[in-house]
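Computed from the coordinates by the stated procedures, all read-outs in this text should not be read as laboratory data. Just so it is clear, the model here is predicted, and its values are computed rather than measured. No Cβ is skipped: glycine too gets one built from the backbone with ideal geometry, and neighbour counts run over all protein chains shown.
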Amino acid sequence: MTKPAAAAARATVHGYPRQGPNRELKKAVEGYWKGTVTADALAGTAAELRRANWRELARAGVHEVPTGDFSYYDHVLDTTVMVGAIPERHRAAVAADALDGYFAMARGTQDVAPLEMTKWFDTNYHYLVPELGPDTVFTADCAKQTGELREALALGPAARPVLVGPVTYLLLAKPAPGAAADFEPLTLLDRLLPVYAEVLADLRAAGAEWVQLDEPALVQDRTPAELNAAARAYGNLGGLADRPKLLVASYFGRLGEALPVLAESPVDGLALDFTGAAAANLEGLAAVGGLPGRRLVAGVVDGRNIWLNDHEKSLATLGTLLGLADRVDVSASCSLLHVPLDAAAETDVDPQILRWLAFARQKTREIVTLARGLAEGVGSVAAELAANRADLASRADSSLTGDPAVRARAGAVTDADARRSQPYAERTAAQRAHLKLPPLPTTTIGSFPQTTGLRTARAGLRAGRIDAAGYQEHIRAAIQEAISFQEEAGIDVLVHGEPERNDMVQYFAEQLSGYVATRHGWVQSYGTRYVRPPVLVGDVSRPAPMTVGWTRYAQSLTDRPVKGMLTGPVTMLAWSFVRDDQPLNETARQVALALRDEVQDLEASGASVIQVDEPALRETLPLRSADHAGYLAWATESFRLTTSGVRPDTQIHTHMCYAEFGDVVQAIDDLDADVISLEAARSHMQVARELAAHGYPREAGPGVYDIHSPRVPSAEEAAALLREGLEAIPAERLWVNPDCGLKTRGWPETKASLENLVAAARTVRGEL
Ligand code: GLN
Ligand code: ZN
């Protein structure tokens, strides 16, 4: 039945989790930083982890394994090293010791600042931003790439080096310090291409038949000049005489206008995402007449989410693709870096639910099954297809995913439910009368230091070393400490300090029905930091209040207002694995309704200020601007649904951080919160000017204390920032607060910094 071309169908992946089954890489790297692991031991652990991955992939039936996707810290930083774009300030450290210099770029040292870190497209992985300027000189350093390729080839399987492509690399870069702010790194393309040519030649010499160049930046909106740069890049690299075959990969979405550019370039194959909305790549490919004579790597298994694949659907897609390319191979939509390693390790998850989960190991098997089905006919994988069908059916029919009461409530939501009963201008007067705060009121973002004592208590509770009552004693003591310090320091709106929270999403996920937590589902966030996103499995509801007891306890200790503190619906989705069996906006609405009940219970228990954090609002903004409006509509609606059920005199705060807010100021306004706190200290209150330029009418607290470092800002420094803030936001609408929560800080610097912050507020009040 299958066409002759299909007989060649192979299984591959773009990349694999780096950390090892027990996060061995994290432990080795952190041990190296502490001086307890030698450089040789670290290198040995890393090489063993790479070999274990290749063996595992080959044994599972993957025909061509990726190389070079491994990293001690980040693959974009590895690319910076590969092209020799070491910032001036790090050169001495790199020259003295390549490994220490590498970590200095990643983390900074006493003397030099690290590279900036930011999100890898719309994932929760962070990369280190290359710093490039007109003086940047690129030089090829292929050692890591050729070394890892040789290691893999020595084990036997076919291996394909994976590089960040030159266009994406430049588009991810920012102007180096000293370069003009409007310097465009993409203008360095002609200087960079010869370095890529050298790397490609070296990889060819080291035995690479194929090399993959990742160009995910091409799934974003690109100008004609940028598309032209992509055409030049691949015209140039494709035209090289001494080169391996080139596979250009894109993922995280549809290529759109970049697809014809790549299809027309003289490269030997494309890897495309065909999952979710990226299924539009199928029509795009057909429209350019396919890839006759070339290789297509079809990303049909979702590399970013953790759900079981739908094999029949994938095989149908693959069947269509067979008519469009010379050879069709099967892969995940993107690197499996973004999912945990092994669902089979989740022994605590209900076996009913476990059947629906596929982490990297399970996805690899799915890919192999699909490749076999494509190459040898579906009969050859009949048993796998039957099992897949049964697993999918068990999910579709499960009472674990559907809750009629939740659906009925979500279906009955009206526009009015997502609107406060009074407009901002009216309710702000009621809030002033009720709260009686001084001008420039002081507050914090929520968390106070998570001490070793707290973490030990939590681990003790999990391990059964202390009981629930003993644990609660620890939490109560931490709340007392936070409240008494804030009173002494003279802060106006207090917080309980969040000592009971392991994580701002997980804490709520553990208490909401419809969410499942994993024990080993670690995913790299940045460097050696891993997170365990909970899984949204079914309809969401709140069996019981989640925060009311601790907030009420904190309020009982003071006469000043204590802010209730919740994580908002958008962030609850952004930092979880979301359902793929219903639209995101429906899941968001369910979460919002559950949180709305919590908001109302907080109010009923006496809270007059309630903060709903949405730090992820900006980061899940879709990659294409055409998709922004739809996303922002449901995102802001779900926030308002969470917060609109309260009395006019109850003050709703929100908080955001880690982002440039410029393109979401309207959305921030649409949240209709009464007060927003934002990260601003490092950017000298830039966000305050952005809000003012927009005509933002509400109260705002641009941060005057950069909480990302242990450094204590002086009262003068905080006052200077406040005065800058006052130039943009009038005194009756300006709040005084840190950039973000204080959970990663120690008590001594927290106390000193907040005392200075209060002193600054008092000084500047005196100047009004
Ligand atoms: N309330 C949270 C805290 O203070 C907010 C954290 C965040 O914005 N990431 O920790
Ligand atoms: Zn924050």
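Exposure proxy check: S525, S753 ranked by fewest other beta carbons within 10 Å?
On the way: S525 16, S753 23.
Ascending number of Cβ neighbours within 10 Å: S525, S753.
With contacts defined as alpha carbon pairs under 8 Å and 6 or more residues apart, what's the relative contact order of the stretch 271-381 in percent?
28 percent
Given contacts defined as C-alpha pairs under 8 Å and at least six residues apart, what's the relative contact order of the chain, whole-number percent?
11 percent
Calculate the spin-label point distance for E487 paired with A430, positioning each point 7 Å from the Cα along the beta-carbon direction, and give it in nanometres.
Distance between the two pseudo-spin positions: 3.0 nm.
Please enumerate, by chain and number, the aspartates and glutamates with C-alpha under 14 Å from the C-alpha of K363, excluding those fewer than 8 residues away in the same chain.
K363 reaches E56, D302, D310, D342, E384.
Check cross-link reach from K436 to the lysines: straight Cα distance under 17 Å, and skip same-chain residues fewer than eight apart.
By straight Cα distance, K436 reaches K563.
What lysines does K119 reach when the alpha-carbon gap must be under 17 Å and sequence neighbours fewer than 8 apart in one chain are set aside?
K174
As I understand it, the dipole of the chain uses +1 on the Cβ of Lys and Arg and -1 on the Cβ of Asp and Glu, about the Cα centre. Which of N22, I707, A286 lies farthest toward its positive end?
Of the listed residues, the answer is N22.
Under 16 Å from a point placed 7 Å out from the Cα of S398 along the Cα-to-Cβ direction: which residues of the stretch 503-545 have their backbone N that close?
513-519, 534-541
Arrange V493, V349 by Cβ neighbour counts within 10 Å, fewest through most, would you?
Taking fewest neighbouring Cβ atoms as first place, the list is V349, V493.
Expressed as a whole number of Å, what is the distance separating the alpha-carbon centroids of the stretch 17-74 and the stretch 498-569?
The stretch 498-569 and the stretch 17-74 have Cα centres spaced 32 Å from each other.
If a paramagnetic tag sat 7 Å from the Cα of R59 along the Cα-Cβ line, which residues of the stretch 345-372 would have the backbone N under 17 Å from that point?
The answer is 345, 360-366, 368, whose backbone nitrogens lie closer than 17 Å to the label point.
Spin-label point model (7 Å from Cα, Cβ direction): what's the R560 to L99 distance in nm?
4.8 nm
Can you tell me what share of the DSSP beta bridges in the chain is antiparallel? A percent to the nearest 5 is fine.
Of the beta bridges lying entirely in the chain, close to 15 percent run antiparallel.
Determine the relative contact order of the stretch 221-298: mean sequence separation of Cα pairs under 8 Å and six or more apart, normalised by residue count, in whole percent.
Dividing the mean separation by the residue count of the stretch 221-298 yields 30 percent.
Classify the stretch 599-697 as rounded, prolate or oblate, taking a ≥ b ≥ c as the square roots of the eigenvalues of its Cα gyration tensor: rounded when a/c is under 1.5, otherwise prolate if a/b is larger than b/c and oblate if not. Kindly include the intermediate steps, with their values, before the conclusion.
Values: a/c = 2.13, a/b = 1.41, b/c = 1.50.
Oblate, since a/c reaches 1.5 and b/c is not below a/b.
Out of the trypsin sites (Lys or Arg not before Pro) in the stretch 10-77, which ones are loop residues according to DSSP with at most 12 other C-beta atoms within 10 Å?
none
Charges only on Cβ, +1 for Lys and Arg, -1 for Asp and Glu: so what's the dipole of the stretch 1-136 about the Cα centre, in debye to the nearest 20?
My answer is approximately 680 debye.
Filter the trypsin sites (Lys or Arg not before Pro) in the stretch 376-442 down to the DSSP loop ones having no more than 15 other Cβ atoms within 10 Å, then list what survives.
R419, K436
Positive end of the dipole of the stretch 136-295, charges at C-beta (+1 Lys, Arg; -1 Asp, Glu), about the Cα centre: which of A225, A241, L262 has its Cα farthest in that direction?
With unit charges placed on the Cβ atoms, the residue in question is A241.
Which GluC sites (Glu not before Pro) in the stretch 698-768 sit in a loop by DSSP (not H, G, I, E or B) and have at most 14 other Cβ atoms within 10 Å of their own Cβ? Kindly include the intermediate steps, with their values, before the conclusion.
Working: sites: E699, E716, E717, E724, E727, E732, E749, E755, E767; in loops: E767.
Of the GluC sites (Glu not before Pro), the ones in loops of the stretch 698-768 whose Cβ has at most 14 other Cβ atoms within 10 Å are E767.
Grab the beta carbon distance between S421 and A113, set R0 = 30 Å, and tell me the FRET efficiency rounded to 0.05.
After rounding to 0.05, the efficiency reads 0.05.
Between L768 and V137, what is the label-to-label distance in nm when each label sits 7 Å out along the Cα-to-Cβ direction?
5.7 nm
Would you mind ranking V675, V413, V328 by Cβ crowding within 10 Å, fewest neighbours first?
Exposure proxy ranking, most exposed first: V413, V675, V328.
Charges on Cβ only, +1 for Lys and Arg, -1 for Asp and Glu, centred on the Cα centroid of the chain; of L357, V83, T109, which one is farthest towards the dipole's positive end?
L357
Report, in deg cm²/dmol and to the nearest 500, the calculated mean residue ellipticity at 222 nm for the chain, where each DSSP H run with n ≥ 4 adds -39500 (n - 2.57) and the sum is divided by the residue count. Display every interim value, and only then the final one.
Working: 28 runs with 331 residues, N = 768.
After summing the helix terms and dividing by the residues of the chain, the value is -13500 deg cm²/dmol.
Evaluate E = 1/(1 + (r/R0)^6) for A386 and T320, where r is the Cβ-Cβ distance and R0 equals 25 Å; express this FRET efficiency to the nearest 0.05.
0.65
Once you sort the root eigenvalues of the Cα gyration tensor of the stretch 1-102 as a ≥ b ≥ c, which label holds: rounded (a/c under 1.5), prolate (a/b larger than b/c) or oblate (the other case)?
oblate
In debye to the nearest 20, how big a dipole does the chain give about its Cα centre with +1 on each Lys and Arg Cβ and -1 on each Asp and Glu Cβ? Please report the intermediate quantities before stating the final value.
On the way: 76 positive and 98 negative charges, 274 e Å.
Rounded to the nearest 20 debye, it is 1320 debye.
What FRET efficiency do you get for A286 and R624 if R0 is 30 Å and r is their Cβ-Cβ distance, rounded to the nearest 0.05?
0.90
Does the stretch 169-295 come out rounded, prolate or oblate by the C-alpha gyration tensor, with a ≥ b ≥ c the root eigenvalues, rounded set by a/c under 1.5 and, if not, prolate when a/b is larger than b/c and oblate if not?
Taking the square roots of the gyration eigenvalues as a ≥ b ≥ c, the stretch 169-295 is oblate.
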